[in-house]
Amino acid sequence: MKMTDKNDVISLFVRFVDKSGGKSRPVLVYKEGDEVLQFFSITSQFEKKSAYIQAQYYPLKDWQQAGLDKRSWVDLGSRRQILKSKIKIYNQIGSITDRDIFDMAAFIKTITYNQQKVLAEKNS
């Protein structure tokens, strides 16, 4: 059963990567398969992050239209996934705007280019 669409913003319980536990948080749906939901985490915590991490955060321009309460960033540094059978509760929040979809795609191309440039410099 399909739960959501690409570019929807939903709230679900997400496990922490670096420690035990987790929390309910907004996420941006990337892809939904029959068994797995792929997503990017959304955060309002930007200033506390290192410059390396900040460089991977796309700033949502239309965060209020997406249904978010605070200025927010999409963590493009790691695409996450969860088995749909493990999702007990989720809430539909909204969807990102066409402007953010377009600008985030350009942002991803910039990140990819910069990463390739750094790798090329390391290998020369």
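Here are some notes:
- Whether a residue is in contact with a Ser or Thr (Cβ under 7 Å, 6 or more places away or on another chain) and either closer than 15 Å to residue 94 by Cα or surrounded by 17 or more Cβ atoms within 10 Å (Cβ to Cβ) (or both) was assessed, and residue 56 does not pass this test.
- Every residue from the range 59-79 that is touching a Ser or Thr at 6+ places or on another chain (Cβ under 9 Å), loosely packed, with under 14 Cβ neighbours inside 10 Å and either of a type in the set (Lys, Arg) or not in a loop (DSSP other than H, G, I, E, B) (or both): 70, 71
- Test: residue in the range 2-10 that is assigned to a strand (DSSP E or B) and either in contact with an Asp or Glu (Cβ under 6 Å, 6 or more places away or on another chain) or hydroxyl-bearing (Ser, Thr, Tyr) (or both): no
- Taken over the range 1-15, the residue count meeting the criterion of being among the basic types (Lys, Arg), modelled with pLDDT under 90 and either surrounded by 11 or more Cβ atoms within 10 Å (Cβ to Cβ) or on the phi > 0 side of the Ramachandran plot (or both) is 1.
- Only residues that are farther than 19 Å from residue 71 by Cα, in a helix (DSSP H, G or I) and of a type outside the set (Ser, Thr, Tyr) were counted across the range 84-104, and they come to 2.
- Within the range 16-75, the set of residues being on the phi > 0 side of the Ramachandran plot and either among the polar types (S, T, N, Q) or at pLDDT 95 or above (or both) comprises 67 only.
- Answer residue from the range 29-51, given it is in contact with a helix residue (DSSP H, G or I) (Cβ under 9 Å, 6 or more places away or on another chain) and part of a strand (DSSP E or B) and is surrounded by the fewest Cβ atoms within 10 Å (Cβ to Cβ) among those: 36
The values are calculated or read from the model by the stated rules, or taken from the named source; none is laboratory data. What you are looking at is a predicted structure, and each value in this text was computed from that prediction instead of being measured. Note: ideal-geometry Cβ built from the backbone for every residue, glycine included; neighbour counts use all protein chains shown.
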